[in-house]
Amino acid sequence: MTHAPVHGDATRRSAGRVRGAAAGVVVDRFLGEPGVDPHPLVIFGRCMSTVERHLYRDRRRAGAVHALVGLLLGAGTGRLVGSTTAATYLAVGGRSLAEAAAAVEKALALDDLDGARRLLPTLVGRDPQGLDQAGVARAVVESVAENTVDAVVAPVFWAAVAGAPGALGYRALNTLDAMVGHHSDRYERYGWASARLDDVAGWLPARLTAALVVVARPGAARSVLPAVRHQASRHPSPNSGVAEAAFAAALGLRLGGLNRYGDRVEHRPSLGRGRPAELADIAAAVRLSSDVGTLLVALLSCGALVTRTGPR
């Protein structure tokens, strides 16, 4: 009996985190990116660039300290923010993802291939020069799939688990991965810890995303599940491969192929067994991403209701 109030407080806090995570997605849908300059992520990036200038050594240990500083900075900022709803809104980028994809789609629809190439770096890190319309469309679909995890499901998942520190701590890790977690002479060792921590933090959210894709497109379940089970592991990323395989199968596409990153060329394995991506598939991918976000909000809302009204 003496533990009932403690248990009740924990239950209320859990329900509050879940409600706040769901509310943050809704706020992002209505408002989009915060209308402040500089953007909070820009401020974080500048801080971490300063940290890198002081810490950089071509060693994994130095990179691990860099990653730890960034994680603590993100989680600490979340604690200062306090509100799970506000932190989730800052961490989520679903609307901006849809808008960036739509901008590329519009340029392609106007036969402005050069314009589409110029816009593509807002979504992907690959070199857009030399890509034809199909190559640009594939890049956008793959980015929408990957970022449905990185910019929607994962920050919301960690917000529900750990509140505001979880949301902004995850956002910090994902930003660090984008900054230093890629393959290059400078970051091969220094960025290792940031890349691995981002992989760990995104592992469950990526698989939750695939499950939500099945719910959103139940008619494609027989294609999605085998694609995730048998093809996703071929991708160099343990999480991006899951999301891209799920989206490819749900949309009836075949993703993957040659990607150029400056002087480096990577051959990504085929994901899905359909046709190559084309212009119309950009909008279809955005709709699927939006549906995944909507289902996630519904799932969290039901979870908060059950937690609130369950046995005490």
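Do any helices (runs of 4 or more DSSP H) entirely within segment 140-238 hold 3 or more residues that are under 27 Å from Arg117 (Cα atoms), and if so, which?
Counting at least 3 such residues, we get 154-180.
Can you tell me which residues in segment 81-93 are in a helix (DSSP H, G or I), β-branched (Val, Ile, Thr) and within 19 Å of the chain's Cα centre (by Cα)?
Thr84, Thr85, Thr88
Take the residues of segment 258-275 that are buried (at least 17 other Cβ atoms within 10 Å of the Cβ) and touching a residue at least 40 places away in the same chain (Cβ under 8 Å): which is nearest to Ala220 (Cα to Cα)?
Among those that are buried (at least 17 other Cβ atoms within 10 Å of the Cβ) and touching a residue at least 40 places away in the same chain (Cβ under 8 Å), it is Gly272.
Within segment 43-79, take every residue that is in contact with a helix residue (DSSP H, G or I) (Cβ under 6 Å, 6 or more places away or on another chain) and small (Gly, Ala, Ser) and give me the one that is farthest from Leu176 (Cα to Cα).
The selected residue is Gly78.
Does any residue of segment 105-127 turn out to be within 19 Å of Arg17 (Cβ to Cβ), touching a residue at least 12 places away in the same chain (Cβ under 8 Å), of a type in the set (S, T, N, Q) and surrounded by 14 or more Cβ atoms within 10 Å (Cβ to Cβ)?
No.
Looking at Val26, Val51, Val36, Val69, can you tell me which residue is more than 18 Å from the chain's Cα centre (by Cα) and over 30 Å from Glu188 (Cα atoms)?
That would be Val36, the only listed residue that is more than 18 Å from the chain's Cα centre (by Cα) and over 30 Å from Glu188 (Cα atoms).
Tell me, please, whether a residue that is among the small types (Gly, Ala, Ser), touching a Gly at 6+ places or on another chain (Cβ under 6 Å), part of a helix (DSSP H, G or I) and modelled with pLDDT of 95 or more can be found in segment 245-255.
yes
Looking at Gly63, Gly78, Gly130, Gly74 in this structure, which one is closer than 25 Å to Asp185 by Cβ, part of a helix (DSSP H, G or I) and touching a residue at least 40 places away in the same chain (Cβ under 8 Å)?
The match here is Gly63.
Give the number of residues within segment 65-78 that are farther than 23 Å from Val152 by Cβ and surrounded by fewer than 22 Cβ atoms within 10 Å (Cβ to Cβ).
The number of residues fulfilling the criteria is 5.
The values are calculated or read from the model by the stated rules, or taken from the named source; none is laboratory data. The structure displayed is predicted, hence computed values, not measured ones. FYI the Cβ positions are ideal-geometry reconstructions off the backbone, even for glycines, and counts take in every protein chain you see.
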